[in-house]
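Before any comments, here is the structure.
Every read-out reported here was derived from the displayed coordinates using simple, explicitly stated rules and does not represent laboratory data. What you see is a predicted model; the values in this text were computed from it and never measured. A quick note on method: Cβ atoms are made from the backbone with ideal geometry, for glycine too, and the neighbour counts reach across all protein chains shown.
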Amino acid sequence: MLASRPVSPELPQRPPFALRARIISPRSAGGTLHEPDGLIQVGADGRITDVLPASDRPEAAEGAIDLRPWLILPGLVDLHAHLPQIPNAGVGFGLTLLDWLRRYVFPLEHDFDEAAADRIAPAAFRSFARAGTTTVLLYGALWEPSLDASFRAAEAHGIRATIGKVIMDRFTYDEDARTPAETLELSLRQSADLCSRWHMRDGGRLRYAFTPRFAVTCTAEALRESARLAAEAGAIWQTHLAEDAGEIAEVQRLFPEAVDYLDVYDRAGALGPQAVLAHAVHLSDREIARLAESGARVAHCPASNLFLGAGMMPLARYLDAGISVGLGSDVAGGPDVSIFGAMRIGAYAQVARRTAGLDQQAVLDPLAWLRLGTLDGAMVLGQGDVTGSLEPGKDADLIVVDTAITDPLGDASGPEAWNPTDPEELVSRLIFRTHPDMVRGAWVRGRRLEGPA
Ligand SMILES: [Zn+2]
């Protein structure tokens with residue numbers, strides 16, 4: 001028999017507020033904060049003022065919204081997803097990247113006009129929040145009005161979003177007859193216009209990312225000029241790197257002068273801390289060393305890499321080399337918007353690499369995966385001082401999780417619910433037994449997001 005679920009508490013819509021619950025968060029200085037009975041206070045400006053044991057401030061704890069036995073975590077950070085592709089999530093398993101793009105993705109993105117964005121983007125942002133994601137770095141489609149519609153939806157929803165129009169000046173799904181030079185000029189101009197309209201809107205909650213799709217669909221000039229515009233604007237520059245074997249061979253054919261795939265972006269002057277490179281599954285020793293030296297960052301998308309048969313990224317090697325890495329869902333290359341899902345598949349992939357003799361390093365523990373999906377992701381975006389952990393002075397980007405719903409014996413809420421003292425055991429359960437309804441609330445700057453059930 002199922003235990004009766006306690007009546008859901010009334011959740012705050014706007015700051016200021018104070019919540020009492022168990023709290024787990026990575027700390028910027030290293031290690032993990034764990035308050036078994038904690039209090040988090042959010043000021044009227046949406047910033048966290050205090051995170052402390054409830055017993056330190058009994059009067060404030062008395063007046064707080066009591067969410068026990070729920071858990072408060074920092075909101076998750078998704079460094080790589082494709083807004084137009086979300087309706088296709090879960091379809092196309094086992095195709096190679098280039099076949100999958102031709103069969104599913106380009107037709108879908110071709111039809112992602114302003115009306116489609118008006119319909120899909122608000123629902124997509126609710127899906128991200130329902131999965132616990134409060135910060136996203138997204139690719140849009142080619143069409144400028146669909147990007148404005150996507151930004152408007154993010155502005156209204158409240159999610160922290162960095163979005164970019166894809167740039168493709170060859171092998172494009174744009175059927176309008178133009179010369180390649182005209183296509184590039186239009187794409188760069190539209191990107192710059194979108195950046196001037198949306199970058200740093202709402203105090204930096206909304207940001208622009210210059211987004212050349214990848215070397216296969218972009219000329220050297222498109223890569224170079226988009227990197228220049230990103231540097232001028234202080235914006236993110238994002239693209240894909242070394243995802244699968246067919247793609248890498250195609251890049252070699254298109255850029256015979258480049259030493260390797262990474263060198264294509266290096267020659268464009270694009271590598272640096274503003275560069276977020278998705279996948280990076282197959283890199284040579286030279287590329288790993290150069291990537292670390294350049295300060296460019298990696299969006300690790302393990303679920304996508306296994307869904308499309310691309311491979312298993314050597315995460316441990318990259319971390320040892322000092323490369324800044326966060327997690328991406330890569331929907332719809334990945335089947336699920338959940339970053340808990342990315343942690344789970346990433347963890348399995350690490351074990352697979354180790355058991356196959358490909359890695360000698362120890363696999364990451366659950367708290368390290370949580371850090372990768374929160375604070376490390378925020379740092380990849382250059383927003384580690386704003387979001388990614390629950391610390392005073394940061395924006396109140398947080399989620400509350402009903403951990404009991406992950407119970408393997410059924411929905412054991414109430415006093416008999418499993419409630420381990422070890423935070424690693426609790427986070428392990430959330431990663432390996434993620435329930436689609438376990439996130440009960442999500443906030444950015446203390447403003448509640450629509451989406452969680
Ligand atoms: Zn992608």
Task: Those residues of the stretch 307-325 which are touching a helix residue (DSSP H, G or I) at 6+ places or on another chain (Cβ under 7 Å) and either of a type in the set (Val, Ile, Thr) or within 14 Å of the ligand (Cβ to nearest atom) (or both), in sequence order - done: Leu308, Ala310, Met313, Ile323, Val325
- [ ] Mind listing just one residue for me: the one in the stretch 302-327 that is surrounded by fewer than 23 Cβ atoms within 10 Å (Cβ to Cβ) and touching a Pro at 6+ places or on another chain (Cβ under 9 Å) and, of those, farthest from Ala280 (Cα to Cα)?
- [x] Ser324
Open item on the list: Given the criterion under 30 Å from Val337 (Cα atoms), buried (at least 18 other Cβ atoms within 10 Å of the Cβ) and among the acidic types (Asp, Glu), identify the matching residue among Glu243, Glu225.
Closed with: Glu243
TODO: Any residue in the stretch 85-108 that's under 14 Å from Gly309 (Cβ atoms): show its pairings with residues that are among the aromatic types (Phe, Trp, Tyr) and buried (at least 16 other Cβ atoms within 10 Å of the Cβ) at Cβ separation under 6 Å, as long as the two are six or more apart or on different chains.
DONE: Gly92/Trp100; Gly92/Tyr104; Phe93/Phe307
Task: Qualifying positions in the stretch 171-222 - surrounded by 18 or more Cβ atoms within 10 Å (Cβ to Cβ), among the polar types (S, T, N, Q) and under 21 Å from Leu83 (Cα atoms) - done: Thr172, Ser187, Ser191, Thr211, Thr217
Task: Where Ile72 falls short, out of the listed (1) touching a strand residue (DSSP E or B) at 6+ places or on another chain (Cβ under 8 Å); (2) of a type in the set (A, V, I, L, M); (3) within 16 Å of the ligand (Cβ to nearest atom) - done: (3)
- [ ] Can you give me the number of residues within the stretch 276-296 that are on the phi < 0 side of the Ramachandran plot, within 15 Å of the ligand (Cβ to nearest atom) and not in a loop (DSSP other than H, G, I, E, B)?
- [x] 3
